[in-house]
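Each remark here refers to the structure printed beneath this line.
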Amino acid sequence: MSHDRTLLANTAHAIVTVEGGTAWTHHSGFDTYAAARAERLEQIDKERRLYDEEHKRIVAQIREFQRRAAMNDKFAKRARATEKKLERFERDRTPRTAVREQTVRMGLGGGRTGKMALRTRGLSVPGIFRPFDAEVRFGERVGVVGPNGTGKTHFMKLLAGEDVRHEGEWMLGARVRPAHFSQLHEQPDLANLAPVEALQKEALDFGQAMRILSRYGLTEVARLPFRMLSGGQQARFQILLIEVQGSTLLLLDEPTDNLDIDSAEALEEALLDYEGTVLVVTHDRWLMRLLERFLVFGDDGSVIEALEHPYG
C-alpha cells in the first residue's frame, strides 16, 4: 500500500485502488493509471445516468397505469406488472456506486522579501550535526535531505523559532515570515479544536471558514476535533492554516507523508505558485523534482550542499 508515486512508477505492474466502497484493479503501470481512472469514473457516471433515465421512465409508466386504472380495471394489472418490472430492474441493474472525486485546491500566497532569506554561520546542534555555513536566497526551493536521525527536523524547528539548543549563528532576511509544517502534526493548541473553530480564531467568519475548508476537502470533518482527523486530513488542515496565516518562508517537514496522490499534486501546484522561499524535508522523490538544490545531512554529522539529490 503506497502513495509514493515514484515507487509506483518504478515498480508497479498493477495498481489496486480502494474507492467508492469497492476496489478495482488497473492492470498496468502508474504512467497510464490517471487516464484509466478517469475513463472508469466516466463510465460509472454514464451507467448512473442511463440507470436514472430508465428508472424514471418505469416509474412514470407505473403512475400513468395507476391513473388510468381509476377508469379502467385492465390498467390495474398493467400497473402491478410494471411495479414487478421496477423491482427486478432495481435488483439486477443497480449501477456501480458513484465515486465522489476529491477536489483539493490549495493556495499558499507568499510575498516579496529581501534577496537573502536565510543565512547560517557555523550553525550546529551539538551531538547531532556539525557546524555548517549556508545561504538561501528569496524564491529558492531547497530540499533538506538525509537519513533519519541526522538533525533535519531539529534544523527546521530551530528556523521556526522553537527552543532548540544550538551553537553558531542563523538569521532570517528582511520581511521573512516563516510558517512551519510539522511532520508529526504536533499541534497541541489545535488538539481539541474543530477546524471551523480554529479558523474562526483566525478571524474568519463561519461562511469564510466553510468555503476554505471545502477547497481543502475538509467540510465533512469541519466540526470534529483536530485530534480525531486522519493523518491526511490533519496534514491538509496544517497547510490550510499556513495559507490563512500568511508567510514568506515555508518550512515543510515531510509534507506529503500522509497525503493521498490528489492532495500531494495540489500541494505541488501551490508550491509552484508560491511567491516566497521553500525549505522542505522530504523523502518523496516525486516532490524532489520541484527542488533546485539540497542541503544534505549525513550520518557522520556533516551538512553539505548539492545540486542533485545524493540518493538518486
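No value in this document is a laboratory result; all are computed from the given coordinates. Please read all numbers here as calculations on a predicted model, not as lab measurements. Glycine gets a Cβ as well: all are built from the backbone with ideal geometry, and neighbour counts include every protein chain shown.
Below, the figures for the structure above:
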| read-out | value |
| --- | --- |
| Estimated inter-spin distance, Glu167 and Thr25, nm [label 7 Å along Cα→Cβ] | 5.9 nm |
| Qualifying chymotrypsin sites (Phe, Trp or Tyr not before Pro) for the range 254-312 [loop in DSSP, other Cβ within 10 Å: at most 16] | Tyr311 |
| Dipole magnitude of the chain, debye to nearest 20 (Cβ charges: Lys/Arg +1, Asp/Glu -1, about Cα centre) | 1940 debye |
| Entry for P(r) over Cα pairs in 20 Å bins from 0, in percent (calculated from the structure that is shown) out of (i) 29, 57, 14, 0; (ii) 30, 49, 18, 3, 0; (iii) 26, 45, 19, 8, 2 | (iii) |
| Extension gain from Glu308 to Ala191, taking 0.36 nm per residue of separation minus the Cα-Cα distance | 38.3 nm |
| Distance in nm between pseudo-label sites at Arg88 and Arg285 (7 Å out along the Cβ direction from Cα) | 5.6 nm |
| Cβ-based charge dipole, the range 38-82, positive-most Cα from Leu50, Ala69, Ala38 | Ala69 |
| Pairwise centroid distance, computed over Cα atoms, of the range 251-278 with the range 12-45, Å | 24 Å |
| Most mobile of Val104, Val16, Val125 in a GNM of the chain (Cα contacts under 10 Å) | Val16 |
| Dipole magnitude of the range 45-149 about its Cα centre (Cβ charges: Lys, Arg +1; Asp, Glu -1), debye to nearest 20 | 480 debye |
| Crossing angle, helix 231-245 versus the chain [Cα axis fit, 0-90 degrees, rounded to tens] | 70 degrees |
| Within the range 116-306, percent of DSSP bridges classed antiparallel, to nearest 5 | 45 percent |
| Gaussian network model of the chain, springs between alpha carbon atoms under 10 Å - residue of Thr219, Thr32, Thr82 with greatest fluctuation | Thr82 |
| Listed residues Ala98, Ala179, Leu259: farthest to the positive end of the dipole of the chain (Cβ charges) | Ala98 |
| Longest site-free stretch - the chain; sites: GluC sites (Glu not before Pro), DSSP loop, at most 16 other Cβ within 10 Å | 1-100 |
| Average Cα contact separation per residue, the chain, under 8 Å, 6 or more apart, as relative contact order % | 22 percent |
| Exposed trypsin sites (Lys or Arg not before Pro) absent: longest stretch of the chain, with sites in DSSP loops and at most 14 other Cβ within 10 Å deemed exposed | 1-92 |
